[in-house]
Amino acid sequence: MKLNLKIPLCFFDLETTGIAISQDRIIEIAVIKVMPGGEMIRKSNVVNPTIPISAESTAIHGISNEDVKDKPTFKELAKEYARFFEGCDLAGFNILKFDVPMLVEEFLRADVEFDYSRKKLIDAQKIFHLMEKRSLSAAFKFYCNKEMTDAHSAEADTQATLEVLYAQVARYENQEVTDGLGKKIGEIKNDMEVLHKLTASDLVDLAGRMTRNEKGEAVFNFGKHKNKSVLQVFKEEPSYYDWMMNGDFPLDTKRKLTEIKLSMLSSKQPSISA
């Protein structure tokens with residue numbers, strides 16, 4: 001089968017020094033760009049993260065400090081990858097919670113514009129969990145009846161995710177999707193807009209520190225103010241904004257907080273009559 005694409009869809013995967021978005025760095029990136037006509041364009045790099053790779057991380061992906069010492073940094077590659085992603089939607093496995101936030105953080109560090117808000121985000125893991133509830137290796141076995149022989153290699157993980165999403169659309173097209181309470185939340189369609197809404201529409205920031213409630217309001221998704229309106233918290237406890245801006249939160253989260261704060265301040269401005 002063929003995915004119904006209006007614009008290119010970039011499947012991508014990252015290997016990193018760790019899982020802390022604000023502190024860790026990319027050490028490998030692999031992308032497969034699927035064109036609307038079905039052509040596939042591949043791009044990948046091993047990256048010098050400029051910080052040490054822990055033994056624990058190397059044990060997972062097999063990339064050592066020796067392997068990256070002569071490789072380009074992400075800052076050196078950032079403009080090249082920004083151009084490669086330009087005009088494309090994004091897809092991957094667990095990209096909403098990790099790969100997209102990490103990628104955006106690296107672009108921000110490199111001072112390269114990368115506006116993910118204009119892209120549809122398709123997370124094959126989210127569809128998998130919605131429909132079957134399980135890891136990428138299990139999904140690959142379940143949907144494609146293949147064993148992953150090189151898991152935690154960005155190239156292998158990207159290829160496996162591409163095949164999984166193709167199989168998911170073929171398997172579930174027009175099937176109803178329900179939440180944990182059995183309430184219908186949509187249907188699986190061979191349409192990137194529909195898949196984006198199923199997997200990423202309630203996000204406010206990529207780290208998931210904020211989400212949207214049933215009214216569409218931005219609410220906190222952690223800590224003492226969990227499920228409370230962000231605007232309401234800022235009105236009742238203005239210092240919470242400063243605490244988060246000075247805290248160890250991703251740059252993307254801080255940018256979204258500032259946008260919400262500025263929208264609140266602008267709404268307080270008196271209108272100017274003619």
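Coordinate-derived values only; no laboratory data. Worth saying up front: this structure is predicted, and the values here are computed from it rather than measured. Quick reminder, even Gly has a Cβ in these numbers, built from the backbone with ideal geometry, and neighbours come from all protein chains shown.
Remarks
- Reciprocal of mean inverse Cα separation for the chain (Kirkwood radius, Å): 20.1
- Projecting the Cα atoms of W243, G223, T211 onto the charge dipole of segment 186-274 (Cβ charges, centred on the Cα centre) puts W243 farthest toward the positive pole.
- Taking amide hydrogens as placed 1.01 Å from N in the peptide plane, the amide H of V177 sits under 5 Å from those of I185, G186, E187, I188, each at least 5 positions away in sequence or on another chain.
- Segment 9-190, dipole about Cα centre (Lys/Arg Cβ +1, Asp/Glu Cβ -1), debye to the nearest 20: 520
- Taking amide H as placed 1.01 Å from N in the peptide plane, the amide H of G18 sits under 5 Å from that of R25, each at least 5 places away or on another chain.
- For segment 6-20, Karplus couplings with θ = phi - 60° (6.51, -1.76, 1.60), whole Hz, Gly/Pro x: 8, 9, x, 10, 9, 7, 8, 9, 10, 10, 9, 6, x, 10, 8
- Antiparallel %, DSSP beta bridges [both residues in the chain], to 5: 75
- Classification of segment 202-268 by its C-alpha gyration tensor yields a rounded form. The axis ratio a/c (a ≥ b ≥ c) stays under 1.5.
- Sorting S137, S153, S239 by the number of Cβ atoms found within 10 Å of their own Cβ, with the fewest placed first, yields S239, S137, S153.
- Looking at segment 22-131, the pairs of alpha carbons with a distance over 21 Å make up 41% of the total.
- Karplus 3J(HN,Hα) series, Hz, for segment 70-77 with 6.51 cos²θ - 1.76 cosθ + 1.60 (x for Gly, Pro): 9, 8, x, 7, 5, 4, 6, 9
- For N48, residues with placed amide H under 5 Å, excluding near neighbours: K71, T73, F74
- Taken one residue at a time, the phi angles of segment 81-91 give Karplus couplings (6.51, -1.76, 1.60, θ = phi - 60°) of 6, 4, 5, 5, 7, 4, x, 10, 8, 10, 9 Hz. Gly and Pro are set to x.
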